[in-house]
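Some notes on the structure that comes next.
Just so it is clear, none of the values below were taken in a lab; they were calculated from the coordinates. This is a predicted model, so every value here is computed, not measured. Counting neighbours? That spans all protein chains shown, and the Cβs are built from the backbone with ideal geometry, glycine included.
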Amino acid sequence: MNTDSIWKEESGKCPVFAALEKDIETEVLIIGGGITGLTLATLLNDAGIHSVLAEASHIGNGTTGMSSCHLTTQIDTQYSKVYSDFGEEITAMVARSRAEGIDFIEQLIKNKSINCDFKRVAGYQYADKPEQIADLEAEYRYAGYIDLPVELTDNTDLPIPVIKALKFDNQAVFNAQAFINGLAENLVNSKCQIFENTRVTDIREDRGIFTVTANGTTVRALKVVMATHIPLFFNVLQTLAFPYISYVIAATIEGNTPENLYWDMDEPYHYIRSTEFNGKKYLIVGGADHKVGHEEETSERFKELESYARKKFNVKSVDFKWSAEFYESADGLPFIGESPFSKNLFVATGFAGDGLVYGPLAALIINDLIQGKTNKNYDAYDSTRITIAASMADFFKENIDNVRSFVADKFGNVSEETPDNLEPGQGKILNLNGEKVAVAKDANGEVHAVSPVCTHLKCNVHYNNAEQTWDCPCHGSRFSIDGSVVYGPAVDPLEKKEIVAISENKK
């Protein structure tokens, strides 16, 4: 079964960009080649501002290309909670800005002539259990308070029992990978220079100039934007945005696939949509979220989604499965704008499962900040805000959880097995000659051994058997089994360990 997203075939259609190999100067350095970074690069280019975009891997190789590719005005954090925590003005701003964000994406697609299967559809948040109706009706009331156009109905086109649903008109679906490919194509030979396989490993600011190290070269910039899901290195926002992972499957079913967007009220919730790939219709089902590094048998989450799909649809086959990482903020809204450490360093994090809308919104806001303009939606997402009442409970819960993981991993027991006992695809923290070593065996039977200590803030990584990665439970850094960085905030690989002699001594 394919473990890439159904959209990833599009990644081969993206222009290929060289790695940075010599020192360079620019007005704005953008770190990250996902939807946030490429949208911002497009806006800056259209304004005549020179930028450099540095992508550690390949364009769209992160969460953007591994999403479910739907765009909604509804948010992961319910509007009733946002209203309670922030009041009517901010809640209305969030709803309005998300609708404007979808409109902006649609207009950008038209202006740049990007073929990415953008289509307007309806969205339904539905209750299929009696105990969920009160919360659904509350969401309907709060949507009314902020003039968000919704309709309470008991009719959907789902072939499954639904008690009541909240209908959101004018939502959208698209192919996010094809979208950012199109943005990248439009930036070829422009005022934006894009570099792939270019990992930033150090940032220093002195007298208004940033000196950034990437691939052993130096980038000098007046402003830097971390379009990286979570700021790299250490940043206080890492204590206010928490890493989660979500799972998706694509299945063929008997009968027609539903045409709109649907999400239930379970915790964590499930969502449903459809798409066409190579002439076949697929049902997309996602959910089963959990905190990064807190589940080792992650492959069970795919089984959970398949079971959920089979209970509701006549599934013929599950042909694709994939997962993606995202960050939930402590108070439920993203942090977009200036870094707490510098007025010329910009961040965008805490998008939760709404990054395809919040990414372009972040680009619009940061583009205005860079040009010294006022953005009408900035107050809702101000990255320097302090929201004690809204965030304190989650702040303590998540960070105490990090401390607990740190202590448990440092002093907990480890396996006394030998690397030879591992099955292909399996990984464990082993005690080898009195030292903890993260050992994994790939599909070809080759053994890889690295330090289990995350290079970000020294938490111990945990094995993810579905993706065959080492994941940090504290701040979400992920590493391949050879120790190389998959996602930050870590920028340095896990230290490699030698185990040949150890294996021979155990024989």
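Worth a mention:
- The stretch between ASN155 and GLN107, if pulled fully straight at 0.36 nm per residue, gains 14.2 nm over its current Cα-Cα span.
- With Cα atoms defining each centre, the stretch 2-65 and the stretch 306-337 are spaced 24 Å apart in the structure.
- Charged-residue dipole, Cβ positions (Lys, Arg, Asp, Glu), the chain about Cα centre, Debye nearest 20: 620 debye
- Computed on the stretch 1-143, the Cα convex hull volume stands at 180 Å³ per residue.
- Loop-located chymotrypsin sites (Phe, Trp or Tyr not before Pro) across the stretch 240-292 with a Cβ neighbour count of 15 or fewer within 10 Å are TYR269, with loop assigned by DSSP.
- Volume per residue that the Cα convex hull of the stretch 104-155 spans, once the total is divided by residue count, Å³: 105 Å³
- For the stretch 165-241, the list of trypsin sites (Lys or Arg not before Pro) that fall in a loop by DSSP and count at most 14 other C-beta atoms within 10 angstrom reads ARG207.
- If you take the alpha carbon atoms of the stretch 190-269 and fit the smallest convex hull around them, that volume is 223 Å³ per residue.
- Under 18 Å from LYS281, Cα to Cα: lysines that are on another chain or at least 8 residues apart: LYS8, LYS119, LYS312, LYS316, LYS321
- Pairs exceeding 27 Å between alpha-carbon atoms, taken from LYS343/LYS496; LYS13/LYS223; LYS458/LYS497; LYS164/LYS311; LYS22/LYS110; LYS112/LYS191: LYS343/LYS496; LYS13/LYS223; LYS22/LYS110.
- In nm, spacing of pseudo-spin labels at ALA138 and GLU296 (7 Å Cα→C-beta vector): 3.8 nm
- Among the GluC sites (Glu not before Pro) in the stretch 1-105, those placed in a DSSP loop whose Cβ has at most 12 other Cβ atoms within 10 Å are GLU21.
- Extent along principal axes [Cα atoms of the stretch 419-506; Å; largest to smallest]: 36, 26, 16
- Taken as entire DSSP H runs, the helices of the chain that both span 15 Å or more between Cα atoms along their own long axis and average -0.5 or more on the Kyte-Doolittle scale are 35-46, 88-111, 133-145, 176-187, 355-370, 388-411.
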